[in-house]
Amino acid sequence: MPQPSKTDPGRFFEDFRLGETIVHATPRTVTAGDVSLYTALYGPRFAVQSSDAFARSLGYPAAPVDDLLVFHIVFGKTVPDVSLNAVANLGYADGRFLAPVYPGDTLATTSEVIGLKQTSGGDAGIVYVRSVGVNQRGEAVLSYVRWVLVRKRLPGTPAAIEHVPELPKAVAPEALGAACPPLSAGAYDDSLAGSLFRWGDYEPGERVDHVDGMTVEEAEHQLATRLYQNTAKVHFDAHAARGSRFGRRLIYGGHVISLARALSFNGLGNAFHVAAINAGRHVAPLFAGDTVYAWSEVLEREALPGREDVGAMRLRLVATRDLPCADFPLRRDEGYAEGVLLDLDYWALLPR
Amino acid sequence: MPQPSKTDPGRFFEDFRLGETIVHATPRTVTAGDVSLYTALYGPRFAVQSSDAFARSLGYPAAPVDDLLVFHIVFGKTVPDVSLNAVANLGYADGRFLAPVYPGDTLATTSEVIGLKQTSGGDAGIVYVRSVGVNQRGEAVLSYVRWVLVRKRLPGTPAAIEHVPELPKAVAPEALGAACPPLSAGAYDDSLAGSLFRWGDYEPGERVDHVDGMTVEEAEHQLATRLYQNTAKVHFDAHAARGSRFGRRLIYGGHVISLARALSFNGLGNAFHVAAINAGRHVAPLFAGDTVYAWSEVLEREALPGREDVGAMRLRLVATRDLPCADFPLRRDEGYAEGVLLDLDYWALLPR
Amino acid sequence: MPQPSKTDPGRFFEDFRLGETIVHATPRTVTAGDVSLYTALYGPRFAVQSSDAFARSLGYPAAPVDDLLVFHIVFGKTVPDVSLNAVANLGYADGRFLAPVYPGDTLATTSEVIGLKQTSGGDAGIVYVRSVGVNQRGEAVLSYVRWVLVRKRLPGTPAAIEHVPELPKAVAPEALGAACPPLSAGAYDDSLAGSLFRWGDYEPGERVDHVDGMTVEEAEHQLATRLYQNTAKVHFDAHAARGSRFGRRLIYGGHVISLARALSFNGLGNAFHVAAINAGRHVAPLFAGDTVYAWSEVLEREALPGREDVGAMRLRLVATRDLPCADFPLRRDEGYAEGVLLDLDYWALLPR
C-alpha cells in the first residue's frame, strides 16, 4: 500500500483557521556558541551583551543574549508552518521583548492565527499570526505579530472567514522594559560601554549616520539563517534560484536588521536593549556582495513609568545597499529612495 | 649537524603494519560552540540534539552532540596518520555509535590496522583501519572501519603481508542502540519534534524526497573541515588545486553526509539518532557553488531486542548535485546516475 | 538646537597626549563558542588548547584559550580609539602573555600613549601605545606595544611634544612563562600532542617548512575580524574599497598570523604556547582567494630560570602568499622577497 507523503509541503492559505494555535517544531537551547556566532556574523559591540562582568555590574545574572538573536530563533521556528509558501513577508507589529534570555535557556514558539484576508485576485491571502517565544519555564520572552502573503493551494476558492486584526502603530512606553532588570544606580560605565551619550542626550528629530559599511557574503547569511533553523528555501538554493525572478539567493531580511543594528553602535552605543519592534518593512532585497550602511532617526523619547534607571527611545533604523548615509536617504516621491533596504521602527532602552 | 625533518610527511603504504595500533594526535573537547557551528553549517532540526529541555524530557541528561559531528571529529584525527597520502577514500563499514557524547566530553581516536592489500599496479595499496573514538573516561563512543587507497613511498616494492578483513554488510539490529538511553514512555512530543510519523509509519521500499536544496560555499566547507581538525590538503589549498585533476578544492565527503542528513529532516523528522553506518560511497566530488539535494529509501525496519521505546530503520541516503530528487535518481546502466554524490547506508532510531 | 555628532570619528594624531591612558570600550567574555570559531577559522591542533583532559593532565584547570585569540580580542578593542584613522600599522614590540585565559573570563583593554612623533611631511604622526588586556579580576593577561601611523586632522600643525620610547628588540627569557603554569612532570604525552620533537630537539638556525597551504575566503576573515570586535573599515566595506588603492577589502593582519601559527603545527607540534611577541611586520597585504603558506626559523633556544618543565624557543615565523616555502623565501636585495606577507618574531614554550 502506498504510504502518505512524509514530506511537509508547508501550509497554504486555506490551511489556516482563525483562532487556531500552531505549535512549532524544534525547541532550541541557546548557548554561548550561538552568542559567539552572532558576534562573528554582525560584530555587535554593546557591552551588556558582550560581557558577563559588565552585565553583572548592572544587576543582570550574566550577559543576556542579544535581543535580535532571540528574535531570529523564535521567528525561525515559524517558517516551516507559516511562510514556507509565502509570497512575501508584509509586516511586523507589536513586538515586545518580555524576559531576558541567557545561554542555557531553551526557546520554543507557538503562533496564533489572528487574521485572514484573501487578496482581490483570489489566488493568495494574508495570514496574520501572533507568535510567542517561551523559555523552558514557560515564560514568554518575545511576542510579536507578523503578516505574510501566502499562496492558496487552489486559486479561486473563496475564504470562509475574513478578519483583519487591529494592531497598535507602536508599543506603548508603559509596556516596555520587562526584559530589562532594574539597573544598579551609578553602575553603568560609559567608558566601557563606549559612548558618552545617554538617554537625555538625544532629541526627537535627531538623525545619526552610522558611517560604516558591511559587505555580506553568501556563506555568512547562510550560516546565520541556518543558525536560526530558518528553512525558507530562497536563502539556500542557488540552483533553484537561477530560474527565479532575481536569479540568485535572497538574504533573510532579519540578517539586514542585525547588520544595521550592529552598525548603529557607532552613534547609539548606549542603546543597549531592543525593547520592542513597532513596525518593519523590507523595502528591497539584499544580495551577497552588497554592502549595507545604516542611519537612525530619533522618533520619540519617553520615560518608563516607575523607572529612573533607563529611558526609552523610539528609533527609525534605515538600512541601505551600496549607499553611504551621510544625507540620510529614505523617501523619493511616493516611495522609498533607490538603495533603501529596510525601514524599521523600534524602541531601544538607554541608561538615564 | 642537520636536524631530522620536523615535518610529518604522512604514512605511505609501506609504513603500515598489520595489527599495529596508531594513537592519533590532538584530543578534542567538544563544546556548545561546536554544536552551534554544526547548526550553522548544516541547519539540522532534530529536537533531541537541539534542545536540552526536549532531551531531558526523554531521559537524556542534556542534548547529546549530533552523531555526525562526533563522527567527523573522531575521523578528522585519523587523517594525518592514515590518509594524508591517500589517493581515495574507498569505503566505510561496521560503524557503530556506542555512547552518547555531551558538550564537555573530550574525544580521542586510535586506529588498528586490520587489513593491507597492494594494488595490482604495485604503486599503492589499500589500508583497512578500525578507528575507535573514546571519551575522557576511556569509553568508546564510536567504532568504524574504513579503507583507503594509499600511495607507496617506493612504487614496485612487494608488500610483506596481505590481509583483507571480513566486514559485515550491515550492523546487526541487536548491536544498535548503545548510544541511546531508554526513553521515558510517552514523553516524546511529536509536535515539538516536527513529525507525526514514527517508526511504525514507514515501510521497507518507501522512498522520501527531502525536497530542499542547499548550496555550499568555499568558506563553509573550510570552516567545517577545520572544525573537525581534518588536515587533508585537497580541501584547503586553492593554489595547489589549480594544478590538480579538478582544478579546485574538493569538499570533504563528510560535509555532504551532514548536509544530506540535515535535509532529511523533511520527511524523517523523528529519525533522531544515527545508530550505525553500514556502508558509504562518495560517488562523485562536490565543489563550492554546487547545490545538494537528497532522498532516502527505507531498506529495513527492525525492532531492537528488549526495547519498546525506539525501533531501528535502515535507510539509504542518496545525495545529488544540482539535481532535485522527486524521481529518486540513483542508478544508470551499471553505475550511478549523473549527479549522484553519495550513497550511504545507515541505521536510524525512531520513537515507537 | 543641533545636537553634537553622536558618531565617533576616531582620534587623529593631534588628539593623543603623551602619558594619557585610554580606556577602550566593550569588555568581552571569552567563551567556548569563541574557541570553536577559532578552531573553525584556522584549524589549530595544539593539544593543550584543544583538550580539557590533556590540559588538566598537565596541571591547567582547563584548556586555556589560544594565545592569539586573546591577542586579537585585546587588540580589537584598541582599534576604534587608536587606529581608526591609521594609515599603517608599523610594528609590535614587547608583547608578553602574562596569565592564562579560560572560557568565562572577561577581557578589557586600556592603552597608554608612550610615544608620539610626527612625520617629516607633517601630515601624520607615529603614535606608540602600550596596550594591556586585563581579566575580570583586574589581572593583566597580555601587555604589548604597537605603533601606528595616524593622520592629522589638520596637516601642518606642529606637534607639541615628541618622544620615541626605547623598546626591547626581544623579550628577555626571564620574563617568559607567566601564562604557563608549572607542568606536571612526565605528564606530557607526545603521541597525543602529535610531535616527538621537544625543546631540546631543535637547534638555532634550523628551519622548518610547514608544507600546507590555506586559502582565505572573504567570509572567513570577516567572521574572524568581527569576532574580535575589530572595527577597521578596510576589512569589511567592499563598496568603499572599490575606490581605494587596492580596490578590494584588506584582510586583518592578525588573521595571517593565526593562519601561519596554525600551519606551523606541522613541524612545531609541541610549541604549544606563545609566550611573547618580540616584533612583527606585515610585509604585504593579503586578499581573499590567496593561499597562505608558512615556514619557521629557530632563532634562539633558552632555558627559563627555575623551570625544568618547559623551555623557550625564539622563532621567526614567515608567511607567504601563493608561494610554497620549501626553499624558505624571505629576503631579496634590500627588502623582502615577492610573496612574503609576514615576518613575525616570537617566543614559544615547549616541554623539555
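The values are calculated or read from the model by the stated rules, or taken from the named source; none is laboratory data. The structure presented is a predicted model; accordingly, all values stated were derived computationally and were not measured. A quick note on method: Cβ atoms are made from the backbone with ideal geometry, for glycine too, and the neighbour counts reach across all protein chains shown. All accessible areas refer to the heavy atoms of the entire protein, side chains included, with ligands and DNA or RNA removed. Shrake-Rupley method; radii C 1.70, N 1.55, O 1.52, S 1.80 Å.
Would you tally the residues in segment C:157-189 being under 25 Å from C:Ser51 (Cα atoms) and open to solvent by 40 Å² or more (accessible area, probe 1.4 Å)?
If we filter segment C:157-189 for residues that are under 25 Å from C:Ser51 (Cα atoms), which is where we start, we get C:176-189.
Now drop any that are not open to solvent by 40 Å² or more (accessible area, probe 1.4 Å), which leaves C:178, C:182, C:184-186, C:189.
Total meeting the criteria: 6.
Candidates A:Asp8, A:Asp52: the one that is at pLDDT below 95 and either of a type outside the set (Phe, Trp, Tyr) or crowded, with 23+ Cβ neighbours inside 10 Å (or both) is A:Asp8.
Specify the residue that is nearest to C:Gly156 (Cα to Cα); the eligible residues are those in segment C:97-126 that are assigned to a loop (DSSP other than H, G, I, E, B) and of a type outside the set (Gly, Ala, Ser). Looking at residues that are assigned to a loop (DSSP other than H, G, I, E, B) and of a type outside the set (Gly, Ala, Ser), I get C:Asp123. Filtered by the rule that a residue be within 14 Å of chain C (Cβ to nearest Cβ), open to solvent by 10 Å² or more (accessible area, probe 1.4 Å) and either within 19 Å of the chain's Cα centre (by Cα) or β-branched (Val, Ile, Thr) (or both), segment A:296-321 gives A:Glu297, A:Arg321.
Look at B:Gly138 and say whether it is open to solvent by 20 Å² or more (accessible area, probe 1.4 Å), outside any strand (DSSP E or B) and modelled with pLDDT under 95. Judged against the criteria, B:Gly138 is not a match. In segment A:141-152, the qualifying residues are those that are within 25 Å of the chain's Cα centre (by Cα) and charged (D, E, K, R), and the one that is modelled with the highest pLDDT is A:Arg146. With respect to the conditions (1) at the interface with chain A (Cβ under 9 Å from one of its Cβ atoms); (2) out of contact with any helix residue (DSSP H, G or I) (no Cβ under 7 Å at 6 or more places or on another chain); (3) not polar (S, T, N, Q), B:Leu167 lacks only one, and its number is (1). Listed by position, the helices (runs of 4 or more DSSP H) contained in segment C:196-295 that have at least 2 residues being facing another protein chain (nearest Cβ under 8 Å) and surrounded by fewer than 21 Cβ atoms within 10 Å (Cβ to Cβ) are C:238-241. Considering only segment C:55-93, state which residues are open to solvent by 10 Å² or more (accessible area, probe 1.4 Å), out of contact with any Asp or Glu (no Cβ under 8 Å at 6 or more places or on another chain), part of a helix (DSSP H, G or I) and within 14 Å of chain B (Cβ to nearest Cβ). Matches in segment C:55-93: C:Arg56 only.
For segment C:153-186, name all the residues that are over 21 Å from the mean Cα position of the chain (by Cα), within 30 Å of C:Leu58 (Cα to Cα) and free of Cβ contacts under 8 Å to residues at least 24 places away in the same chain. C:Gly186 - this is the single residue of segment C:153-186 that is over 21 Å from the mean Cα position of the chain (by Cα), within 30 Å of C:Leu58 (Cα to Cα) and free of Cβ contacts under 8 Å to residues at least 24 places away in the same chain. Within segment A:11-69, if we keep just the residues that are more than 23 Å from the chain's Cα centre (by Cα) and of a type in the set (Lys, Arg), the residue that is farthest from A:Ala187 (Cα to Cα) turns out to be A:Arg17. Scanning segment A:170-195 for residues that are more than 7 Å from every other protein chain (Cβ to nearest Cβ) and assigned to a helix (DSSP H, G or I) returns A:Pro173, A:Glu174, A:Ala175, A:Asp190. Among the residues of segment A:1-29, the one identified as more than 11 Å from chain B (Cβ to nearest Cβ) and on the phi > 0 side of the Ramachandran plot is A:Gly19.
Within segment C:30-54, the set of residues being within 11 Å of chain A (Cβ to nearest Cβ) and either charged (D, E, K, R) or part of a helix (DSSP H, G or I) (or both) comprises C:Ala32, C:Gly33, C:Asp34, C:Val35, C:Ser36, C:Leu37, C:Tyr38, C:Ala40, C:Leu41.
Of the residues C:Ile161, C:Ile114, the single one that is among the β-branched types (Val, Ile, Thr) and at pLDDT below 95 is C:Ile161.
Would you check if B:Gly200 is free of Cβ contacts under 8 Å to residues at least 40 places away in the same chain and not hydroxyl-bearing (Ser, Thr, Tyr)?
Details: free of Cβ contacts under 8 Å to residues at least 40 places away in the same chain: no; not hydroxyl-bearing (Ser, Thr, Tyr): yes.
So B:Gly200 fails the test.
A:Val127 meets all of the listed conditions (1) closer than 23 Å to A:Ala32 by Cβ; (2) under 19 Å from the mean Cα position of the chain (by Cα) but one, namely (1). Taken as a whole, the condition of being in contact (Cβ under 8 Å) with a residue 24 or more places away in the chain, open to solvent by less than 10 Å² (accessible area, probe 1.4 Å) and closer than 28 Å to C:Gly104 by Cα does not apply to A:Val150.
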